[in-house]
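Visitor: Below is one structure. I have some questions about it.
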Amino acid sequence: MTIKATMDDGIATRVFPEWRGQPLDEILYHCRELAEDEDFPTVRRWREAGGKVVGHFQVYFPEEIAHAAGMLPFKLRGASVEATQADSRFGSYLCSILKTSLELALSGRVELEMFVTHPICDAARNLAAVWGRNFPYPCQILYLPQNANSPHAAEYLRGEYDRVRRVIEEIAGRQVTETDLQRSLGVFNENRALLRELYAIKRETPWLISAEDAYVLVAVGGMIPREEHNELLRTVLPLIRERSAKRQDRIRVVFEGGFCEQPPLDLIRAIGRSCYVVDDDLLIGLRWILEDVPLDGDPLLALATAYLESSSYSPVQHDLRKPKEAMLLKRIAASGAKAAIVTAAKMCEPGLEEQVAYTRALDEENVPYFVSEFEENMTSFDHLEIQLETFIENLLFE
Amino acid sequence: MADQAVDTIVGRGNKDGADLFRQWFGELTEAAGEDRRAAYVFVMGSFCELLQVFDLPIVFPEINSLQTAVRRVAHEYLNEAEDYGYSPDICGYVKADVATQLRGGELPMGRIPKPAIAVYTNACNTYIKWAEIWERMYGVPTFVLDVPGSRAAGMQTWPGDPDFENDRRYVAAQIKELIPVLEKVTGIGFDIDKLRETMTHANSMNRSWKRVLELNQSQPSLFNALSDGTIYLGVANGFRGTAAGAAYFEDLVEEMEFKAAQGIGTLTEELYRLIFVGVPCYPIFRRFTELFTELGGTFVNSTYLWFASGGSNFGFQYDLDDPIESLAEGVLISVRDAMDSMFFQTQILSDMIDDFGADGVVYHPIKSCRTVSTGLADNRRALMAQRDIPSLFMESDMMDKRVVSEAQLKNRVDAFFEGLATRRQRAAIQQP
């Protein structure tokens, strides 16, 4: 299916028509279907319409730069696919998301013009080399600064963003001007504001939106043009607020551990059955920047500064101002959560290491928590669900 | 004369290296006893040149951890860290160090002081997570001196290129930010002439290290890159920026040049010249090497001697007229080179095969280290597509004997050597 329509906002291609004109439940159904579709139809439609795609691995990528060049920034976050071809490219002791992300490309499910990864962990950094040995298009590391406390970090990152801009310009076959970038910043500022509103609903009235539905509403943003995502959110958020769902007696929890590999939707659904997930770090890269990026001045410097100065936290960014366990406690307090679900993807070194700091801090503060590991390809949740229910019951009857 | 020299020169590097190592640990134990604090650093970008200026004892936790494996007590340390909460699936070096800290610095070789500061690059991301543990345990300053690496294979930039200069300005700025932190921690003022002195020693060591590695192109090879090379590597890290380290490597060059001139190789009757890719199997360190040497295989070079020396193999020479800027440039180029030999090593290995007359390539990815191991299977696939050379791929670990099966490793190695022998026989038959 190819859908072309020139809109006033300048976007020429819309790739996710299924939700339009539908009632809320139908819209959410289509979002769930898209988020779980291993063939990524929206990316295919974008390409069929002549568009080009920058695939960026988790966690954060300055999508505005690709967007300003008229390309689709596509978030590579793995998938529930069997890594039949990718398995032979890797060793044994690695997280699943690495393998399934490469599998998506090797199997032809997604086609890219550029691949970008980041030095977020030792495994992810290797992806640029592995990808580059398998595909002819540019496969690069974007060196996001790991010394967020250096006064020079923003200027360095501005230069690194400019380098990426030049590579993207070559692929796109067009210049990316300051005006292009400022327009993209505006689109993404709106997107961030809408996502903040979605999370405000989760925090304030979690009975109006399930954990899984909130998740897919964010996730589809990584696979459709951001203007289209804005349209979707602008439509959906008022409908969610108008819902008449009743508040239930559920424990409010924060879910932590979804910054890179994503838990399967069924796992999020299972958690949502037992408790209200009032905040989380799922797909945190799409929500990394917490405030509007200023539209005046040098857009790349503004974007770089926002990455460092107005941003969330994750185990893969070191910033002395944001000790992770203190940030988790802050997230719990700010969302009014009573407990935390502290997870890590299997074989995820930073996630597993952070679990120790998180649980010790939670112990000190007497915040109840549930610790678990997950894998994107897991299919059985019975055991985990029983454990979680027991944990929740203990809290309810304490 | 030559006989006399054989007695005094041959084997000197191993003996002196072991002596220096003992001396180093003696000094650390003494510092710990006096409750003097140390700088905790890592092998890829240790900044010893700068830290020596502030008279800080230098602790390399990676080296301490691997020593627990070599001395066959790593499992005790790993279990202790796992009981503390760390997963079996994270870096074994980190866990051994956590247990070391919980034991007040006690190690089989002595006792290490507590940290006053940790200084580290992002050449391995686990460095950052590791230092965060010390930050929490001791509340000491930790300083990530972020060194951007190559963005893609063959995409290295050089001085004058705007992208290189952007990276250099970033590294130089961080060095300038680190100096006042070190002054505050130690109470010692920065002395640029002392920095020139340590950089002079580092220049000498870099030159010598590069030369030592090149000299192993000799046939027969002069040292085993896996066993002997690891001793040299320990000195290259622990004594970087010191007169003792520079002198050791000058002596080592002399030893290797002498051996090359005299045609003196290792103890192995060299039948096959091999390249090692990955990290050694420290839980059975000696036996692991013997699996190869018993069948006539010697390791003539390894990526380990590149990346675990922080890229000293590059031989970078600092410009002493402009120490800070040159330190930034040198660290940027050298640490980048170290990273390249882990991530983008296809061309490096292809060149090594030619330069060292290699007969085979041995890949040893390990559970503990994703930095080194993640891309090795794909690299092997790419290298084999490019070069007609036998290779062996076997997984184990650098720390955890639970994932080291000597019998399985031996089976694989034996089969590999059978293949090497068959290949050589075929080549002999095909020759006119």
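The values are calculated or read from the model by the stated rules, or taken from the named source; none is laboratory data. Keep in mind it's a predicted model, so treat the numbers as computed, not measured. No Cβ is skipped: glycine too gets one built from the backbone with ideal geometry, and neighbour counts run over all protein chains shown. Quick note on the areas: whole protein, heavy atoms, side chains included, nothing else; ligands and nucleic acids left out. Shrake-Rupley method; radii C 1.70, N 1.55, O 1.52, S 1.80 Å.
Okay, residues lined up against (1) over 21 Å from B:GLY234 (Cα atoms); (2) touching a Ser or Thr at 6+ places or on another chain (Cβ under 6 Å):
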| position | (1), (2) |
| --- | --- |
| B:ARG286 | no, no |
| B:THR289 | no, yes |
| B:THR303 | no, yes |
| B:ALA308 | no, no |
| B:ASP321 | yes, no |
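Visitor: If I go through the stretch B:67-88 residue by residue, how many of them are assigned to a helix (DSSP H, G or I), away from every other protein chain (no Cβ under 14 Å) and open to solvent by 20 Å² or more (accessible area, probe 1.4 Å)?
Guide: 5
Visitor: Just one of the numbered conditions (1) more than 23 Å from A:ALA35 (Cβ to Cβ); (2) open to solvent by less than 10 Å² (accessible area, probe 1.4 Å); (3) assigned to a loop (DSSP other than H, G, I, E, B) is not true of A:ALA123; which one?
Guide: (3)
Visitor: Test each condition in (1) within 14 Å of chain B (Cβ to nearest Cβ); (2) over 25 Å from A:ALA128 (Cβ atoms); (3) open to solvent by less than 10 Å² (accessible area, probe 1.4 Å); (4) not aromatic (Phe, Trp, Tyr) for A:PRO151 and report the one that comes out false.
Guide: Just one mismatch for A:PRO151, condition (3).
Visitor: With respect to the numbered conditions (1) out of contact with any Leu (no Cβ under 7 Å at 6 or more places or on another chain); (2) crowded, with 19+ Cβ neighbours inside 10 Å; (3) away from every other protein chain (no Cβ under 14 Å), which one is the sole condition not fulfilled by A:GLY221?
Guide: Of everything listed in (1) out of contact with any Leu (no Cβ under 7 Å at 6 or more places or on another chain); (2) crowded, with 19+ Cβ neighbours inside 10 Å; (3) away from every other protein chain (no Cβ under 14 Å), A:GLY221 misses just condition (1).
Visitor: Filter the stretch A:156-166 down to the residues that are under 14 Å from B:PHE164 (Cα atoms), over 24 Å from the mean Cα position of the chain (by Cα) and open to solvent by 10 Å² or more (accessible area, probe 1.4 Å) and list them by number.
Guide: Passing the criteria: only A:GLY159.
Visitor: Out of B:GLY315, B:GLY278, B:GLY296, I need the residue that is at pLDDT 95 or above, among the small types (Gly, Ala, Ser) and buried (at least 19 other Cβ atoms within 10 Å of the Cβ). Which one? Don't jump to the end; show me each part of the working.
Guide: On the way: B:GLY315 fails: buried (at least 19 other Cβ atoms within 10 Å of the Cβ); B:GLY296 fails: buried (at least 19 other Cβ atoms within 10 Å of the Cβ).
Answer to the check: B:GLY278.
Every residue, every condition in (1) within 12 Å of another protein chain (Cβ to nearest Cβ); (2) assigned to a helix (DSSP H, G or I); (3) closer than 20 Å to A:ALA200 by Cβ; (4) touching a residue at least 40 places away in the same chain (Cβ under 8 Å), yes or no:
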position: A:ALA270; (1), (2), (3), (4): no, yes, no, yes
position: A:ASP279; (1), (2), (3), (4): no, no, yes, yes
position: A:LEU301; (1), (2), (3), (4): no, yes, no, yes
position: A:VAL316; (1), (2), (3), (4): yes, no, no, yes
position: A:ILE332; (1), (2), (3), (4): no, yes, yes, yes
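Visitor: Out of the residues in the stretch A:338-368 that are surrounded by fewer than 24 Cβ atoms within 10 Å (Cβ to Cβ) and part of a loop (DSSP other than H, G, I, E, B), state the one that is nearest to the other protein chains (Cβ to nearest Cβ).
Guide: In this case the residue turns out to be A:MET347.
Visitor: Considering each residue of the stretch A:125-141, count those that are under 22 Å from B:CYS369 (Cα atoms) and either touching an Asp or Glu at 6+ places or on another chain (Cβ under 9 Å) or not polar (S, T, N, Q) (or both), and give that number. Please lay out each step first, then the result.
Guide: At the first step, the residues of the stretch A:125-141 found to be under 22 Å from B:CYS369 (Cα atoms) are A:125-133, A:140-141.
Next, only the ones that are either touching an Asp or Glu at 6+ places or on another chain (Cβ under 9 Å) or not polar (S, T, N, Q) (or both) stay: A:125-133, A:141.
Summing the residues that are under 22 Å from B:CYS369 (Cα atoms) and either touching an Asp or Glu at 6+ places or on another chain (Cβ under 9 Å) or not polar (S, T, N, Q) (or both) in the stretch A:125-141 gives 10.
Visitor: Hey, another quick one. Of all the residues that make up the stretch B:153-165, how many are surrounded by 12 or more Cβ atoms within 10 Å (Cβ to Cβ), closer than 16 Å to A:GLU160 by Cα and touching a helix residue (DSSP H, G or I) at 6+ places or on another chain (Cβ under 6 Å)?
Guide: Count: 2.
Visitor: Here's a follow-up. For the subset of the stretch B:140-160 comprising residues that are more than 18 Å from A:ILE141 (Cα to Cα) and of a type outside the set (A, V, I, L, M, F, W, C), which member is nearest to the chain's Cα centre (by Cα)?
Guide: In this case the residue turns out to be B:THR142.
Visitor: Of the residues that sit in the stretch B:407-422 and are in contact (Cβ under 8 Å) with a residue 60 or more places away in the chain and surrounded by fewer than 19 Cβ atoms within 10 Å (Cβ to Cβ), which one is nearest to the other protein chains (Cβ to nearest Cβ)? First the steps, then the outcome.
Guide: From the stretch B:407-422, those in contact (Cβ under 8 Å) with a residue 60 or more places away in the chain are B:409-410, B:413-414, B:417, B:420; that's our starting set.
Filter again for surrounded by fewer than 19 Cβ atoms within 10 Å (Cβ to Cβ), leaving B:410, B:414.
Working: B:LYS410: 19, B:ASP414: 22 Å.
Once the filter is applied, the top-ranked residue is B:LYS410.
Visitor: While we're looking at this one, here's another question. Is at least one residue of the stretch B:12-30 in a loop (DSSP other than H, G, I, E, B), open to solvent by less than 10 Å² (accessible area, probe 1.4 Å) and under 22 Å from B:MET137 (Cα atoms)? Write out each step before concluding.
Guide: Within the stretch B:12-30, the first condition is being in a loop (DSSP other than H, G, I, E, B), and the residues that meet it are none.
For the stretch B:12-30, residues in a loop (DSSP other than H, G, I, E, B), open to solvent by less than 10 Å² (accessible area, probe 1.4 Å) and under 22 Å from B:MET137 (Cα atoms): absent.
Visitor: Then there is this: Would you tally the residues in the stretch A:121-148 being more than 8 Å from chain B (Cβ to nearest Cβ) and of a type outside the set (A, V, I, L, M)?
Guide: 4
Visitor: Can you tell me how many residues in the stretch B:324-333 are crowded, with 23+ Cβ neighbours inside 10 Å and either closer than 16 Å to B:ARG151 by Cα or within 12 Å of chain A (Cβ to nearest Cβ) (or both)?
Guide: Matching residues across the stretch B:324-333 total 2.
Visitor: Right, next: Name the strands (runs of 3 or more DSSP E) wholly inside the stretch A:2-117 in which the number of residues that are surrounded by fewer than 22 Cβ atoms within 10 Å (Cβ to Cβ) is 2 or more.
Guide: Values: elements: A:53-57, A:72-76, A:114-117.
It comes to none.
Visitor: Same structure again: With the structure loaded, tell me whether A:GLY108 is out of contact with any helix residue (DSSP H, G or I) (no Cβ under 9 Å at 6 or more places or on another chain), on the phi > 0 side of the Ramachandran plot and not hydroxyl-bearing (Ser, Thr, Tyr) or whether it fails that test. Walk me through how you get there before you give the answer.
Guide: On the way: out of contact with any helix residue (DSSP H, G or I) (no Cβ under 9 Å at 6 or more places or on another chain): yes; on the phi > 0 side of the Ramachandran plot: yes; not hydroxyl-bearing (Ser, Thr, Tyr): yes.
Taking the combined requirement at face value, the residue satisfies it.
Visitor: Out of all the residues in the stretch B:116-141, which are buried (at least 24 other Cβ atoms within 10 Å of the Cβ) and under 14 Å from B:ARG37 (Cα atoms)?
Guide: B:ILE117, B:ALA118, B:VAL119
Visitor: Then there's this: Residues being closer than 14 Å to B:SER368 by Cα, more than 10 Å from chain A (Cβ to nearest Cβ) and free of Cβ contacts under 8 Å to residues at least 60 places away in the same chain: count how many of those fall in the stretch B:89-105.
Guide: So the count comes out to 1.
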